[in-house]
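The values are calculated or read from the model by the stated rules, or taken from the named source; none is laboratory data. Remember, predicted model here, so these are calculated numbers, not experimental data. With ideal geometry, Cβ positions are generated from the backbone for all residues, glycine too; neighbour counts draw on all protein chains shown. Ligands, DNA and RNA are excluded from the accessible area calculation, which covers all protein heavy atoms including side chains. Shrake-Rupley method; radii C 1.70, N 1.55, O 1.52, S 1.80 Å.
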Amino acid sequence: MREPSTNRDPPRRTRLTRRQLLRSGAIVSFALLGAGAALSLLRTRGYALDPGRRLVAMSAWQFVVVQHAARRIVAPDRPGDPSIPTADAVDVAGFVDEWMTRLPPPVRRDLGRFLAVIEHAAPLGAGFASRFTRLGPADQDTVLASLESSSVDLLRAGFDGLKALVLMGFYRDDRAWAVVGYDGPLVGRPPSGWGAAGARP
């Protein structure tokens, strides 16, 4: 039996020229851009705004995510109590949209990214195969609680930042003051108090 030769030449390696490398890199880049554009289109479809709503900082999908998150963050302890305004009644999401115009571009970008995490990634992490805005209230609470108690500092910080904006938007309206037993500022206070008809700071 013939012994296998040990003097075989090693397989020749084909070297790509610089032009070929650039061309293949461009093809991969265009493929990734195309995939990214398709994913972006899928992620931002199916979000409707109320007629007449004009946004100044957020996109439609971001606005809807903030609407849903705000409804849960300031959900009343006594559902159905007419003395407690809803997040929609005081337009919390509209406040956040306007407030975002005051933020530096990097902070605005990070907030937008965190809203994408809430909408798409956080539900998966909490065991739900759906967008945040398509979940029921109890499941949305579960997703937000998972962010609030996350072991990842950035996720907790993102939730704290969004919660702060939501609370600012909610309690800026005097209809929400009674929820915490606040009867309004002392400066410029009318003799009959802020609760009087037409008396608002």
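Ranked by solvent-accessible area (1.4 Å probe, protein heavy atoms only, all chains present), the residues Tyr182, Tyr171, Tyr47 order from largest to smallest as Tyr182, Tyr171, Tyr47. Take every Cα-Cα pair in the range 62-182 and report what % of them are more than 24 Å apart. Roughly 26 percent, rounded to a whole number. All Cα-Cα separations within the range 119-192 were binned at 5 Å from zero, giving a P(r) of 3, 14, 17, 17, 14, 11, 8, 6, 5, 3, 1, 0, each value a whole percent of the pairs.
Counting Lys and Arg as +1 and Asp and Glu as -1 over every other residue whose Cβ lies under 12 Å from the Cβ of Val90, the net charge comes to -1.
Think of the range 77-201 as having a plus end and a minus end, set by charges on the Cβ of Lys, Arg, Asp and Glu; of Pro105, Ala164, Pro79, Pro105 sits farthest toward the positive end of this dipole. Modelled this way, with points 7 Å down the Cα-to-C-beta line, the labels at Thr101 and Ala157 are 2.8 nm from one another.
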